[in-house]
Amino acid sequence: MPELPEVETTKRGVAPYLEGQEITEVRVRQPRLRIPVPDDLAERLIGARIGTLTRRAKYLQIPVQQADNEATLLWHLGMSGSLRIAQVGDIPKKHDHIDVVTASGHILRYHDPRRFGFVDWQLGDGTADRRLVHLGPEPFDEAFNGQWLYQLSRGKRVAVKPFLMDNRVVVGAGNIYATEALFMAGIDPRRAAGRISLARYEMLAAAVKEVLAAAITQGGTTLRDFVSGQGEPGYFAQRLNVYGRQGQPCLHCGVELRRITLGQRSSVYCPGCQR
């Protein structure tokens, strides 16, 4: 599933081709996504001009402006979705469900074999959307730090990994990146969130920022279907220390990495490095 680094990579990849462009055509080849494509999507978009793209958690936000109306396209890539830049005349492939065509001849093309993603129309900047209002801070915001994690965790018996993956705590720490950050901070993912010290949470917050920043630099993590806006895979998978490496020796201490299940999610950790 595309996580925060993959969505950020997508945003950075497609933005130069879209920002400031007028939308001239919208083609919906498959409207039956996780949320059905709005029937009037083309009517609303044609003639609108695209503003500066933003991202909130795993949602790509594309502002569009007409003469007297401002709105936002809220795009979620689901399990297998990707947004790529194509050119007018490029023949769509199977599972290319939506094209947003611009006056420059560039096309924002949505590809999604499993159709678990969606695009929705929101008036205004979309910040009041019910899917966004309860989200926690972005991992690179000043509001996200060890003190934040420490305060939220007091009295909680839940294991620290599912606590970290809770989008109300911080967005973007999905399974891959939470696994790697906990390893970097030397914290056992099974430890109760409420029994971790402030000092260790400071280390964990720094690790989350470092892991996500590195993943963005590497273009995300390609484990299944993800590609960037130019159709390129992400290379952070080559830098994974523990995720997906169960049964292999730890790259740092040589102890065999173990796989467990926490919060119905697979997790891998090093018994030697993480306590």
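A compact table of results
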quantity	calculated
Selection from the range 248-273 of residues that are at pLDDT below 95, under 14 Å from ARG191 (Cβ atoms) and in a loop (DSSP other than H, G, I, E, B)	GLY263
Index of the failed condition, SER197 passing every other in (1) surrounded by fewer than 18 Cβ atoms within 10 Å (Cβ to Cβ); (2) within 21 Å of ARG259 (Cα to Cα); (3) hydroxyl-bearing (Ser, Thr, Tyr)	(2)
All positions within the range 161-178 that are in a helix (DSSP H, G or I), of a type outside the set (Gly, Ala, Ser) and at pLDDT 95 or above	LYS161, PRO162, PHE163, LEU164
First in the range 30-44 and under 16 Å from TRP75 (Cβ atoms), second anywhere and in a loop (DSSP other than H, G, I, E, B) and of a type in the set (Val, Ile, Thr), Cβ under 7 Å, 6 or more apart	PRO31/VAL37
Checklist (1) free of Cβ contacts under 8 Å to residues at least 12 places away in the same chain; (2) surrounded by 14 or more Cβ atoms within 10 Å (Cβ to Cβ) applied to ASP68, failing item	(2)
Failed item, numbered, when GLU8 is tested on (1) at pLDDT 95 or above; (2) part of a helix (DSSP H, G or I)	(1)
Flag for LEU4 being farther than 30 Å from GLU210 by Cα and surrounded by 16 or more Cβ atoms within 10 Å (Cβ to Cβ)	no
Pairs where the first residue, in the range 103-126, is in contact (Cβ under 8 Å) with a residue 60 or more places away in the chain and hydroxyl-bearing (Ser, Thr, Tyr) and the second is part of a loop (DSSP other than H, G, I, E, B) and crowded, with 18+ Cβ neighbours inside 10 Å, C-beta under 9 Å, 6+ apart	SER104/GLN21
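The values are calculated or read from the model by the stated rules, or taken from the named source; none is laboratory data. Note that the structure is a prediction, hence the values are computed from the model and not measured. As a convention, Cβ positions derive from the backbone with ideal geometry for all residues, glycine included, and neighbour counts pool all protein chains shown.
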